[in-house]
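Take a look at the structure below.
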Amino acid sequence: MSDILAENLSGKSVMGSDGTELGMLYNITMDLKSGKLHDLVIEPDAELSPRNVDFDLDDTGRFLVPVGRVQAVKDYIVVQR
């Protein structure tokens, strides 16, 4: 995957590899010491039930998607489901 600036990801839609629209990218978590990225924090789509998604949730109900599950970044961020 080519390099992408974080500012270009802000507010980008996130879609599962099965075509499900998961929501919008809210933030990205990382380890401050190593610089390693951890999770995409996704603001869920209002019509999507969290019970139908196999990702962990944070305290506010946002999806935590491990960055290792990112498959593509174009018009959408596509993550493996």
Handout entry: Candidate set from region 31-63 (those that are in a loop (DSSP other than H, G, I, E, B) and surrounded by 11 or more Cβ atoms within 10 Å (Cβ to Cβ)); member that is farthest from the chain's Cα centre (by Cα)
Key = LEU48
Exercise for the section: Exactly one condition in (1) open to solvent by 40 Å² or more (accessible area, probe 1.4 Å); (2) free of Cβ contacts under 8 Å to residues at least 60 places away in the same chain is not met by LEU25; state its number. Expected result: (1)
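The values are calculated or read from the model by the stated rules, or taken from the named source; none is laboratory data. Here the structure is a predicted model, which is why all the values come from computation and not from measurement. Note that each Cβ is placed from the backbone with ideal geometry, even for glycine, and that neighbours are counted across all protein chains shown. When the accessible area is computed, the model is the full protein with side chains, heavy atoms only, and any ligands, DNA or RNA have been set aside. Shrake-Rupley method; radii C 1.70, N 1.55, O 1.52, S 1.80 Å.
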